[in-house]
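What follows is one structure encoded as structure tokens, with my remarks underneath.
FYI, it's all coordinate maths here, none of it is from the lab. Just so you know, these numbers come straight off a predicted model, no measurement behind them. As a convention, Cβ positions derive from the backbone with ideal geometry for all residues, glycine included, and neighbour counts pool all protein chains shown.
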Amino acid sequence: MLEIKDLSVEVAGKTVLRDVNLNVMSGYTAVLFGPNGSGKSTLLASIMGFSDYNITKGKIVFKGQDITHMPLHERARLGIGMMMQRPPNIVGVQLGRLVDATGRGKVNSEELAEPLDMVRFLERDVTVGFSGGELKRSELLQLKAQDPCLLLLDEPESGVDLESIKRVGQTVRDILDRDSCPVEKGNGKSALVITHTGEILNYLDADRAFVMCNGTIVCSGSPRELLSEISRRGYEECIKCRRRRS
């Protein structure tokens, strides 16, 4: 589904990602751990194609197609969707109209919004005055409308209570379970999820985890095992382990 090959990225002239290699198989959910400022959000933004992220080296391949320099809107049309940690306010655009546009007129915004308790927000400007939990539900509503093949989730548990985390996890699982993404080599949708707490793992069957430190991937393995190791020993041990192996 997704191949990241020797990817290096600059933001405002500063190198943030260095030689990142990461694969997500079709039908797999991958988790990305790492300390604050390690480049995790930059990686997701680069995959999605945000213009402030300058790829200086390497490739991003999605479903066998090189999308390294493809515009953001074309990546979305191919089937990449992102849940942002801090989505911007869009004054003057109603959430319902955005959902209709995202679904290309093929969805019923009220039907999608009902399970997320977002019907009353459809006539409000996008994210304006939304609480933390409401922001997450708004992002999920847009993802449900888009129905992407690859979900990029930037800290879906941040800033929300336990009940909201449960709703986020269940909704993401429902999106991943939809059989609407044919892929030549493999089956099902995929996800790449940034998490600090690991709470989202209670709702998703994650297959693989990666650890990012100082702008590069330092190790990978079982999501639960890596989370336990990080909780006990911190990220510095991951860096030491990489040094020993190299």
Leu22 in a strand (DSSP E or B) and closer than 23 Å to Leu226 by Cα
yes
Identity of the residue in region 1-36, farther than 20 Å from Lys57 by Cα and not aliphatic (A, V, I, L, M), that ends up surrounded by the fewest Cβ atoms within 10 Å (Cβ to Cβ):
Asn36
Filtered residues of region 141-173 (kept if closer than 22 Å to Phe62 by Cα and either of a type in the set (Val, Ile, Thr) or in a helix (DSSP H, G or I) (or both)):
Gln142, Leu143, Lys144, Ala145, Gln146, Val172, Arg173
Evaluate the following for Ile60: is it in contact with a helix residue (DSSP H, G or I) (Cβ under 8 Å, 6 or more places away or on another chain), surrounded by 13 or more Cβ atoms within 10 Å (Cβ to Cβ) and either of a type in the set (Asp, Glu) or without any contact (Cβ under 8 Å) to a residue 24 or more places away in the chain (or both)?
no
Would you pick out the residues in region 113-135 that are assigned to a helix (DSSP H, G or I) and either under 22 Å from Arg75 (Cβ atoms) or free of Cβ contacts under 8 Å to residues at least 24 places away in the same chain (or both)?
Glu114, Val119, Arg120, Glu134
Tabulated pairs, region 39-57, first more than 16 Å from Met1 (Cα to Cα), second assigned to a helix (DSSP H, G or I) and among the polar types (S, T, N, Q), C-beta under 6 angstrom, 6+ apart or interchain
Tyr53/Ser46
Residue count, region 193-211 (criterion: of a type outside the set (A, V, I, L, M, F, W, C) and in a helix (DSSP H, G or I))
2
Residue selected from region 210-222 under the condition in contact (Cβ under 8 Å) with a residue 40 or more places away in the chain and touching a Cys at 6+ places or on another chain (Cβ under 9 Å), by the criterion surrounded by the fewest Cβ atoms within 10 Å (Cβ to Cβ):
Cys213
